[in-house]
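Student: Below you'll find the structure I mean.
The values are calculated or read from the model by the stated rules, or taken from the named source; none is laboratory data. These numbers come from a predicted model, not from an experiment. Cβ placement follows ideal geometry from the backbone for every residue including glycine, while neighbour counts extend to all protein chains displayed.
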Ligand code: C5P
């Protein structure tokens, strides 16, 4: 990895809005974008298709090593088939959070994530971007919102996509995912010591984007 390439990491819990914010920050800066959650979702889908149990750590990691994944604009190609829609379902999201607990899988995905770091820069979103994958990133943001707000946002997203949604189920699922992400031994969801906390309950998407861009521009003027 080239240390001179700027990296902005945006970590946080499920449905905090970090994906949307990270993508917009990347677009504004003309940077590459890594949606690391998509990698875990792809693994959940691929293992499901190959009848591998999400609890089978060695088999899940082995499957991940052999995947041919390409991101092109909005498309996610797995062995040349666009699976962008299929990895966004609630069932695959749940599977992603289950495979993500396995240390061998996380190790198998390390190089792939580092390869996203290319000039002119990278915005990386996930759970461990600032703590494990890009620990030297000059700007780290921990973006969060209360569970109730996150559940409402997820509910609204599903309604907008005409997908069946039940608020109580969504809330319970978020609590389960938070617990799994925070309590796993391998790369748990924690805020990096040098990250900036961004609470978004009362912020619009563009306010969150502007906050991060301002921090970034300040950093480029006055590097630490
Ligand atoms: O961000 P997204 O909801 O798409 O991520 C799906 C799942 O992948 C999360 O619930 C989390 O358990 C896992 N994940 C992870 N580490 C990352 C990104 C996602 O463990 N860097």
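Student: When the residues of the stretch 206-219 are filtered to those that are at pLDDT below 95 and out of contact with any strand residue (DSSP E or B) (no Cβ under 8 Å at 6 or more places or on another chain), which remaining residue is farthest from residue 19 (Cα to Cα)?
Tutor: First, the residues of the stretch 206-219 that are at pLDDT below 95: 217-219.
Adding the requirement that they be out of contact with any strand residue (DSSP E or B) (no Cβ under 8 Å at 6 or more places or on another chain) leaves 217-218.
Values: 217: 21, 218: 23 Å.
Selected residue: 218.
Student: Given (1) surrounded by fewer than 20 Cβ atoms within 10 Å (Cβ to Cβ); (2) farther than 22 Å from residue 208 by Cβ; (3) under 18 Å from the mean Cα position of the chain (by Cα), where does residue 119 come up short, assuming only one miss?
Tutor: Against the list (1) surrounded by fewer than 20 Cβ atoms within 10 Å (Cβ to Cβ); (2) farther than 22 Å from residue 208 by Cβ; (3) under 18 Å from the mean Cα position of the chain (by Cα), residue 119 comes up short only on (3).
Student: Considering the stretch 132-161 alone, what residues qualify as being over 25 Å from residue 8 (Cα atoms) and not in a helix (DSSP H, G or I)?
Tutor: The answer is 161, and nothing else.
Student: Here's something else I'd like to know. Check 144, 185 and return the single one that is exposed (fewer than 11 other Cβ atoms within 10 Å of the Cβ), touching a residue at least 40 places away in the same chain (Cβ under 8 Å) and under 30 Å from residue 108 (Cβ atoms).
Tutor: After ruling out the rest, the residue left standing is 185.
Student: A follow-up question, please. In this structure, is residue 125 under 27 Å from residue 3 (Cβ atoms) and touching a strand residue (DSSP E or B) at 6+ places or on another chain (Cβ under 6 Å)? Reasoning before the result, please.
Tutor: Values: under 27 Å from residue 3 (Cβ atoms): yes; touching a strand residue (DSSP E or B) at 6+ places or on another chain (Cβ under 6 Å): yes.
Against the criterion (under 27 Å from residue 3 (Cβ atoms) and touching a strand residue (DSSP E or B) at 6+ places or on another chain (Cβ under 6 Å)), residue 125 qualifies.
Student: Return yes when residue 51 is without any contact (Cβ under 8 Å) to a residue 24 or more places away in the chain and farther than 17 Å from residue 199 by Cα and no when it is not. Before you say what the answer is, go through the steps one by one.
Tutor: On the way: without any contact (Cβ under 8 Å) to a residue 24 or more places away in the chain: yes; farther than 17 Å from residue 199 by Cα: yes.
Criteria met by residue 51.
Student: Kindly list, by first and then second residue, each pair from a residue in the stretch 197-222 that is exposed (fewer than 12 other Cβ atoms within 10 Å of the Cβ) to a residue that is assigned to a helix (DSSP H, G or I), limited to pairs with Cβ atoms under 6 Å and residues at least 6 apart or on different chains.
Tutor: Pairs that qualify, where the first residue is exposed (fewer than 12 other Cβ atoms within 10 Å of the Cβ) and the partner is assigned to a helix (DSSP H, G or I), are 201/149.
Student: So in the stretch 97-116, with the set limited to residues that are assigned to a loop (DSSP other than H, G, I, E, B) and near the ligand (Cβ under 8 Å from one of its atoms), which one is surrounded by the most Cβ atoms within 10 Å (Cβ to Cβ)?
Tutor: Among residues in the stretch 97-116 that are assigned to a loop (DSSP other than H, G, I, E, B) and near the ligand (Cβ under 8 Å from one of its atoms), the one surrounded by the most Cβ atoms within 10 Å (Cβ to Cβ) is 100.
Student: If I ask for residues that are assigned to a loop (DSSP other than H, G, I, E, B), within 15 Å of the ligand (Cβ to nearest atom) and under 17 Å from residue 93 (Cβ atoms), which ones from the stretch 162-207 would you list?
Tutor: Scanning the stretch 162-207 gives 184, 189.
Student: Hey, any hits in the stretch 55-78 for a residue that's more than 19 Å from the chain's Cα centre (by Cα), outside any helix (DSSP H, G or I), at pLDDT 95 or above and within 16 Å of the ligand (Cβ to nearest atom)?
Tutor: yes
Student: Report, by residue number, each residue of the stretch 4-54 that is in a helix (DSSP H, G or I) and surrounded by fewer than 18 Cβ atoms within 10 Å (Cβ to Cβ). Quick ask: steps written out before the conclusion?
Tutor: Of all residues in the stretch 4-54, those in a helix (DSSP H, G or I) come to 18-29, 36-49.
20, 23, 27, 28, 48, 49, listed by residue number.
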